[in-house]
Amino acid sequence: MLTKLKSLLFGTAVAASQVAAEGAPPIDVNVAVTNPNLLAAIERLKTDTSEDAKDALLLELNRSNYLVAIFADEMHTSETDENGQSVVEKDSIIKVLNTSDRNGNMYLPLFTDWDALRKYIDQPVSTLVFPPQDAWHWALEMGEYHGIVINPAENALPLNRGQIQYLANQDAANKAKQKDAQ
């Protein structure tokens with residue numbers, strides 16, 4: 001059973017990558033995050049444990065953008081510019097929704113869409129949109145996370161640190177190949 005937690009992150013700069021992971025759609029805050037291909041790959045793995053099914057899941061994990069739930073009650077931002085963007089001010093406290101297992105190990109919950117998020121928490125939250133590389137980096141470097149759990153309310157997909165590192169390495173290798181090809 002996972003337990004919901006709030007984690008306070010003081011003075012942590014939170015910004016989307018300048019370049020989204022290869023294959024991940026560009027982030028447009030005016031378009032809802034959805035990941036039907038990732039959801040299909042997760043569903044497929046329930047009945048098909050072939051290497052093809054596993055490879056399809058790994059591919060979709062690095063092609064998806066994720067929602068990260070935050071409590072923004074102590075977050076201060078600049079005025080929105082003409083592009084609809086604002087800057088998080090230095091004095092902000094960003095409270096990221098975390099979850100833990102029975103042993104108290106903390107996990108970063110990621111959500112494929114707003115429906116999955118609403119199934120998990122009934123409190124009002126804001127979200128950050130993370131491309132895969134940012135999600136992997138956050139889980140590996142920004143806290144004491146034991147891993148990630150995607151859609152923890154139902155059909156949860158837990159990923160341990162080794163799996164997250166593998167995904168991060170695959171993403172970096174794909175970007176390097178593309179750079180070399182140019």
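The values are calculated or read from the model by the stated rules, or taken from the named source; none is laboratory data. Source: prediction; values computed, not measured. Cβ placement follows ideal geometry from the backbone for every residue including glycine, while neighbour counts extend to all protein chains displayed.
Quick notes on this structure:
- Checking Glu89 against (1) modelled with pLDDT under 90; (2) buried (at least 17 other Cβ atoms within 10 Å of the Cβ), the condition it does not meet: (2)
- Within the stretch 17-46, the set of residues being of a type outside the set (D, E, K, R), within 17 Å of Ala116 (Cβ to Cβ) and either touching an Asp or Glu at 6+ places or on another chain (Cβ under 9 Å) or modelled with pLDDT of 90 or more (or both) comprises Ala32, Val33, Thr34, Asn35, Pro36, Asn37, Leu38, Leu39, Ala40, Ala41, Ile42, Leu45.
- Scanning the stretch 35-59 for residues that are crowded, with 16+ Cβ neighbours inside 10 Å and in a loop (DSSP other than H, G, I, E, B) returns a single hit, Asn35.
- Test: residue in the stretch 83-100 that is out of contact with any strand residue (DSSP E or B) (no Cβ under 8 Å at 6 or more places or on another chain), assigned to a loop (DSSP other than H, G, I, E, B) and of a type in the set (Val, Ile, Thr): no
- Top-ranked residue in the stretch 112-135 [being hydrophobic (A, V, I, L, M, F, W, C), touching a helix residue (DSSP H, G or I) at 6+ places or on another chain (Cβ under 9 Å) and within 15 Å of Val96 (Cα to Cα); ranked as surrounded by the fewest Cβ atoms within 10 Å (Cβ to Cβ)]: Val125
- Of the candidates Pro124, Pro132, the single residue that is closer than 18 Å to Asn35 by Cα, at pLDDT 85 or above and of a type outside the set (A, V, I, L, M) is Pro132.
- Of all the listed residues (Asn62, Asn83, Asn37), the sole one being of a type in the set (S, T, N, Q), closer than 30 Å to Asp180 by Cα and free of Cβ contacts under 8 Å to residues at least 40 places away in the same chain is Asn37.
- Any hit, the stretch 60-69, residues being part of a helix (DSSP H, G or I) and either hydrophobic (A, V, I, L, M, F, W, C) or on the phi > 0 side of the Ramachandran plot (or both): yes
- Filtered residues of the stretch 140-176 (kept if touching a Gly at 6+ places or on another chain (Cβ under 7 Å), in a helix (DSSP H, G or I) and among the aliphatic types (A, V, I, L, M)): Ile164
- Pick from the stretch 102-147, criterion of a type in the set (Val, Ile, Thr) and in contact (Cβ under 8 Å) with a residue 60 or more places away in the chain, ranking: nearest to Phe71 (Cα to Cα): Thr127
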